[in-house]
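The next block holds one structure in the form of structure tokens; read it before the comments.
The values are calculated or read from the model by the stated rules, or taken from the named source; none is laboratory data. Predicted model only: the values in this text are computed from it and were never measured. When we count neighbours, we look across all protein chains shown, and the Cβ atoms used for this are built from the backbone with ideal geometry, even at glycine.
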Amino acid sequence: MEMRLLPDERLDAVNDVIKLIQKKKGFCYGTDAVLLASYIKPSRGTAVELGAGSGIVSFLCEAHKKAGKIYSVELNDSAYDMLIRSAELNSSSIIPQKRDVRDLVSSDFGGECATVFSNPPYMKSDSGFLNGDEVKRGARHEMAGDIKDFCAAAGRLLSTGGAFYCVYRPDRLTELFCAMRDSLLEPKRITFVHPFADKRSNLVLVEAKKDASPGLFVTKPLVTMEKDADGKPVFTEEYNEICEKCGFDERYLRI
């Protein structure tokens, strides 16, 4: 299929199935997006991604049959345009929607949903360097809603017992948990992700349930990188296995 690319864009092969349009010098998906997709448990119901960006998490979930129907919500004009074209390129059945997460209600998706997931901006709008690229700026900073807004949207969309999956920064974990509980989302499972075994966690993966009772399962930590025989950093075997099957094994699941 012939695909229109703008001068500042490139076409990346994620795997043998998924191709993704991304900015040459803009925001590109990373480890956090792949791990989020892998953390999501399969469901036959409707799923919604909040702040989809390029749509990589939605495309991975679709490829691994993690939902019956997937809506991908993105507000930024440029990112949404790339999302639309990537969906066409992949002959995808995901449904892109150009919406503000702060305005979403369950009726926008035909009723309450089984799953909501998000890789929200990690940085406050007034903190750190504000990138000149609007896509990169919106992906990193809370320019169109903060973590309270994302959790509130998930709370409005989910049915009782529905799951909200999120990847976030450990230093803002208190804010995330407070925002979840304010929206009737109870944290039920958490995994701390470490770049190396001797380094502190730089990501957390969290699963919350709508209207659930308290009780948090802390899994074993996940280490994504190690040094090879030559001292060069490489992905760990466990990380590669998670990415290959887009799923975590039983050690990360409550039995």
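Tabulated values for the structure
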quantity	calculated
Qualifying positions in region 1-12 - of a type outside the set (Asp, Glu) and modelled with pLDDT under 90	Met1, Met3, Arg4, Leu5, Leu6, Pro7
Any hit, region 45-60, residues being modelled with pLDDT of 95 or more, surrounded by fewer than 21 Cβ atoms within 10 Å (Cβ to Cβ) and either in contact with a Gly (Cβ under 7 Å, 6 or more places away or on another chain) or among the aromatic types (Phe, Trp, Tyr) (or both)	yes
Residues that are closer than 13 Å to Arg189 by Cα, touching a helix residue (DSSP H, G or I) at 6+ places or on another chain (Cβ under 9 Å) and either touching a residue at least 60 places away in the same chain (Cβ under 8 Å) or of a type outside the set (S, T, N, Q) (or both), drawn from region 218-255	Lys220, Phe248, Tyr252
Looking only at region 68-85, and only at residues there that are more than 24 Å from Leu158 (Cβ to Cβ) and without any contact (Cβ under 8 Å) to a residue 40 or more places away in the chain, the one that is surrounded by the fewest Cβ atoms within 10 Å (Cβ to Cβ)	Asp77
Failed item, numbered, when Ser58 is tested on (1) farther than 14 Å from Ser86 by Cβ; (2) among the hydroxyl-bearing types (Ser, Thr, Tyr); (3) touching a Ser or Thr at 6+ places or on another chain (Cβ under 6 Å)	(1)
Meets criteria (under 17 Å from the mean Cα position of the chain (by Cα), of a type in the set (A, V, I, L, M) and farther than 18 Å from Phe164 by Cα) for Ala79	yes
Subset of region 90-108 that is surrounded by 19 or more Cβ atoms within 10 Å (Cβ to Cβ) and not small (Gly, Ala, Ser) - its residue that is farthest from Leu158 (Cα to Cα)	Asn90
Total residues in region 92-107, condition over 19 Å from the mean Cα position of the chain (by Cα) and either assigned to a strand (DSSP E or B) or free of Cβ contacts under 8 Å to residues at least 24 places away in the same chain (or both)	2
Qualifying positions in region 18-67 - basic (Lys, Arg) and touching a residue at least 24 places away in the same chain (Cβ under 8 Å)	Lys19, Lys23, Lys25, Lys41, Arg44, Lys66
Counted residues, region 144-158 - those being surrounded by fewer than 18 Cβ atoms within 10 Å (Cβ to Cβ) and touching a residue at least 60 places away in the same chain (Cβ under 8 Å)	1
